[in-house]
1. Hey, any hits in the stretch 153-176 for a residue that's open to solvent by 70 Å² or more (accessible area, probe 1.4 Å), out of contact with any strand residue (DSSP E or B) (no Cβ under 9 Å at 6 or more places or on another chain) and closer than 23 Å to Q60 by Cα?
2. Which members of the stretch 153-183 meet the condition of being within 19 Å of H65 (Cα to Cα), part of a loop (DSSP other than H, G, I, E, B) and touching a residue at least 24 places away in the same chain (Cβ under 8 Å)?
3. So for the stretch 68-79 (the condition being in contact with a strand residue (DSSP E or B) (Cβ under 7 Å, 6 or more places away or on another chain) and either among the aromatic types (F, W, Y) or open to solvent by 60 Å² or more (accessible area, probe 1.4 Å) (or both)), does at least one residue qualify?
4. Go through (1) over 23 Å from V108 (Cα atoms); (2) at pLDDT below 90 and name the single condition M176 misses.
5. Of the numbered conditions (1) under 19 Å from F66 (Cβ atoms); (2) modelled with pLDDT of 90 or more; (3) open to solvent by 90 Å² or more (accessible area, probe 1.4 Å), I121 fails exactly one; give the number of that condition.
6. Residues that are farther than 30 Å from V157 by Cα, charged (D, E, K, R) and at pLDDT 90 or above: does the stretch 75-88 have at least one?
7. Please find, within the stretch 89-115, the residue that is farthest from K45 (Cα to Cα) out of those that are at pLDDT below 85 and among the polar types (S, T, N, Q).
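The values are calculated or read from the model by the stated rules, or taken from the named source; none is laboratory data. The model shown is predicted, which means the values in this text are computed figures rather than measured ones. Positions of Cβ are generated from backbone atoms using ideal geometry, with glycine treated the same way; all protein chains shown enter the neighbour counts. Only protein heavy atoms, including side chains, enter the accessible area calculation; ligands, DNA and RNA are left aside. Shrake-Rupley method; radii C 1.70, N 1.55, O 1.52, S 1.80 Å.
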Amino acid sequence: RLERMGPVNVLAVEQAQELDDRHQFLVAQRQDLLDSIAELDQAIKKIDRASRERFQEAFQVINQHFGEVFAQLFGGGTAGLSLIDEEDVLESGIDVMAQPPGKRLQNVMLLSGGEKALTAISLLFAIFQYKPSPFCILDEVDAPLDDANIGRYSQMVREMSAHSQFILITHNKRTMESADVLY
């Protein structure tokens with residue numbers, strides 16, 4: 001029976017100890033990885049929660065400013081922003097609705113070129129009211145506007161110039177007349 005077992009491995013005890021040590025090391029490494037994954041999941045959830053709260057706060061304030069600026073630039077009317085998917089605000093698109101004076105409420109894509117431009121300017125200025133920037137470059141944004149809208153646009157730029165410096169690239173004489181400096 002001893003011959004059938006073969007030769008005795010005298011290093012078996014040392015090899016078993018080495019394998020046991022290696023196994024314990026790998027188990028500890030695995031647990032560290034699992035703990036790190038759990039911590040990352042918690043951090044991601046915390047960041048998502050904070051991002052949702054900050055986005056919703058900013059969205060509400062910008063939406064309010066958008067309605068006010070829109071009414072001021074159009075001389076009346078209403079406008080608003082709505083989330084396409086209210087369940088997942090961080091991945092949702094935003095729908096822009098506008099109702100210029102004397103028209104029905106509609107998606108901004110259905111407006112004329114000048115109305116689209118003035119609506120976009122309203123949204124930009126609403127964002128600027130929420131989070132002002134030191135300067136803003138506007139390149140030919142007044143091109144599709146008529147004279148009445150140019151006057152309201154120029155007045156809004158002048159009012160907002162108290163908080164930000166505006167660099168306007170334009171060919172419109174009325175806009176140039178409202179500028180402090182021409183180049």
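1. Yes, the conditions are met somewhere in the stretch 153-176.
2. H163, S164
3. Within the stretch 68-79, one or more residues are in contact with a strand residue (DSSP E or B) (Cβ under 7 Å, 6 or more places away or on another chain) and either among the aromatic types (F, W, Y) or open to solvent by 60 Å² or more (accessible area, probe 1.4 Å) (or both).
4. M176 satisfies every listed condition except (2).
5. (3) is the only condition that I121 fails.
6. Narrowing the stretch 75-88 to residues farther than 30 Å from V157 by Cα: 84-88.
If we keep only those that are charged (D, E, K, R) as well, we get 85-88.
Subsequent filtering for residues that are at pLDDT 90 or above retains none.
No, because not a single residue in the stretch 75-88 is farther than 30 Å from V157 by Cα, charged (D, E, K, R) and at pLDDT 90 or above.
7. S112
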